[in-house]
Amino acid sequence: MPELAPTPPRWRRRLAVLAPLAALAALWLLAGLGVGLRTVHDALPEGERGLGRALAVLASGGWDRFTDPWTFFALDNQKLILNQTAITTVAACGMTLVIVAGGIDLSVGAVIALCAVAGALVLHAGGGPWPALGVAVLAGGLCGAASGALSAGLRLMPFIATLGMMG
């Protein structure tokens, strides 16, 4: 039987409950100061203008550092973050290349979903991970080729061509 984690002290439990409320109050206060004191914002030197934003981020997300400061740096949490951001990172790298080339692709999310479903169908039918990966890449490649053919071959604007690929 696994050992249960020790119960945190009472002050930490109370802090864990009250800290989100305090963070919301701090955000509300900082937002009010930012709106009402625009002249103060303009009077600040360029390097100090982000101080309110930094304080808001710390107030909204930093409250759990008091309850358990090493949770974020735990190996399991880092693996979870990498797993959850892998697809978005790959899509962002592809979009960077498209935008640098002077185009735009609105169908990225829809094509990612189509590729995921195509790969899942292969896995559900009893195929292994490699055939599922091949089918997913083939589906994405066909969608990209169709968008490219519409943009380059028919000289449609990439905005319009990829908008049509979303449906």
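The values are calculated or read from the model by the stated rules, or taken from the named source; none is laboratory data. Values in this document were obtained by computation on a predicted structure and should not be read as measured data. Please note: Cβ atoms are built from the backbone with ideal geometry, for glycine as well, and neighbour counts cover all protein chains shown. Protein only, heavy atoms only, side chains kept; ligands, DNA and RNA dropped before computing areas. Shrake-Rupley method; radii C 1.70, N 1.55, O 1.52, S 1.80 Å.
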- [ ] Return only the number of the condition from (1) at pLDDT 65 or above; (2) part of a loop (DSSP other than H, G, I, E, B) that PRO69 does not satisfy.
- [x] (1)
Task: Complete set of residues in the range 148-157 that are open to solvent by less than 90 Å² (accessible area, probe 1.4 Å) and either assigned to a helix (DSSP H, G or I) or closer than 14 Å to SER107 by Cα (or both) - done: GLY148, ALA149, LEU150, SER151, ALA152, GLY153
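Residue-wise test of (1) open to solvent by less than 50 Å² (accessible area, probe 1.4 Å); (2) modelled with pLDDT of 90 or more; (3) touching a Leu at 6+ places or on another chain (Cβ under 6 Å); (4) not in a helix (DSSP H, G or I).
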position: LEU58; (1), (2), (3), (4): no, no, no, no
position: ASN83; (1), (2), (3), (4): no, no, no, no
position: GLY126; (1), (2), (3), (4): no, yes, no, yes
position: CYS143; (1), (2), (3), (4): yes, yes, no, no
position: ALA146; (1), (2), (3), (4): yes, yes, no, no
position: PHE159; (1), (2), (3), (4): no, no, no, no
- [ ] Take the range 86-115 and flag every residue that is open to solvent by 60 Å² or more (accessible area, probe 1.4 Å), more than 19 Å from GLY164 (Cα to Cα) and either touching a residue at least 40 places away in the same chain (Cβ under 8 Å) or assigned to a helix (DSSP H, G or I) (or both).
- [x] ILE87, THR88, THR89, VAL90, CYS93, THR96, LEU97, VAL100
TODO: Mind listing just one residue for me: the one in the range 128-140 that is surrounded by 13 or more Cβ atoms within 10 Å (Cβ to Cβ) and not hydrophobic (A, V, I, L, M, F, W, C) and, of those, nearest to MET166 (Cα to Cα)?
DONE: GLY140
